[in-house]
Amino acid sequence: MDPLLLLVLTLLFIAVVVGILMTVTLIPTGIPIGSASTQSKFLDFGPKLRVNASSWVTEMGDRFRQRFGKYLPSMLREDQWQDSRLQHKFFQAGYRSHTATSLLLGAIVISAGIGLVGGIVLALSWSDGIQLVRVMVAAGLGLVVGALVPLSCLEILTRRRQRQLLGHFPDALDLIRICLEAGLGLDAAIQRVGQEFRQVAPALFDEFYVLSLELRAGAGRAQALQNLALRTGLSEIRSWVTMIIQSEKFGTGIAEAVKIHSDQLRLGRRLNAEQRAATLSTKLLFPLIFCIFPALMLVLLGPAGITIQQQFGHSIEVNR
């Protein structure tokens with residue numbers, strides 16, 4: 001037998017055995033359902049099967065961190081994840097419990113394993129013989145891509161939630177201004193406006209509700225507003241927070257400042273829409289040239305080409 005083939009088969013056998021042992025030790029014996037708060041916050045997908053599967057992934061992430069926690073980055077450890085970039089990313093995506101890190105870690109482990117096996121299978125199926133370099137490169141790429149998939153999903157969730165917040169934030173500022181002009185304080189106005197957005201914008205209601213809880217718990221208004229900007233990660237909300245803090249510091253009218261800021265947000269949103277509309281023609285060039293034009297030319301010139309070919313073929317036969 002070829003020594004290289006024997007080495008590859010030995011490495012694959014060792015990898016399979018190690019994977020089976022790790023799977024046996026990491027997979028929980030039972031599928032936990034979890035508390036009602038955890039289900040409503042992280043696993044609010046409706047069917048109980050998805051709830052159980054997500055709890056199962058979370059349990060696997062806990063077991064993996066307990067066994068290999070000292071080799072993980074600090075942001076994935078239970079005692080050092082505070083004030084890390086991962087915690088801020090979870091806040092921006094709407095998840096505030098440390099259970100989310102276990103869910104992410106379990107998803108990374110499962111996705112990386114699937115990517116590793118998929119890379120090896122593709123490398124073995126696309127080549128006639130077993131090549132060690134190709135198998136190792138495919139396995140490494142599959143491992144990296146599989147590990148990046150959950151992080152990409154977290155980024156997508158963060159961006160979607162930020163778009164929801166930014167879409168309703170100018171309307172919330174208008175309502176806050178109306179409440180301030182009616183005689184309410186800023187804290188009461190924020191709480192009242194947050195209740196109005198419970199059904200329309202749940203993400204904005206959630207942020208305003210947490211802000212109201214921090215204010216009622218005794219936190220300073222400046223610190224609570226800065227926490228709001230940190231949880232959302234939006235520059236528009238950060239500038240609004242800075243404006244409110246500066247208005248209170250220098251004693252200027254908050255209602256007028258809120259009105260000006262909401263008008264600026266709407267102006268920026270309109271300019272952004274106009275910019276996207278202006279670049280639309282350039283973005284359409286690629287699909288038009290490479291997808292639509294060839295099919296259109298085939299439909300228009302295809303019958304004419306067939307007719308010309310038939311006529312030339314008939315004339316050539318006559319001349320012969």
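Before moving on, here are some points about what is shown:
- When the Cα convex hull of the stretch 162-278 is projected onto planes of every orientation, the mean area is 7.1 nm².
- Among the trypsin sites (Lys or Arg not before Pro) within the stretch 112-180, not one is in coil by DSSP while having at most 10 neighbouring Cβ atoms inside 10 Å.
- Shape analysis of the stretch 101-185 yields a ratio of the Cα radius of gyration to the Kirkwood radius, Rg/Rh, of 1.45.
Any read-out appearing in this document is the output of simple, stated calculations on the displayed coordinates, not a laboratory observation. In this text the structure is predicted, and so the values were computed from the model without any measurement. For neighbour counting, all protein chains shown are included, and Cβ atoms are generated from backbone atoms with ideal geometry for every residue, glycine included.
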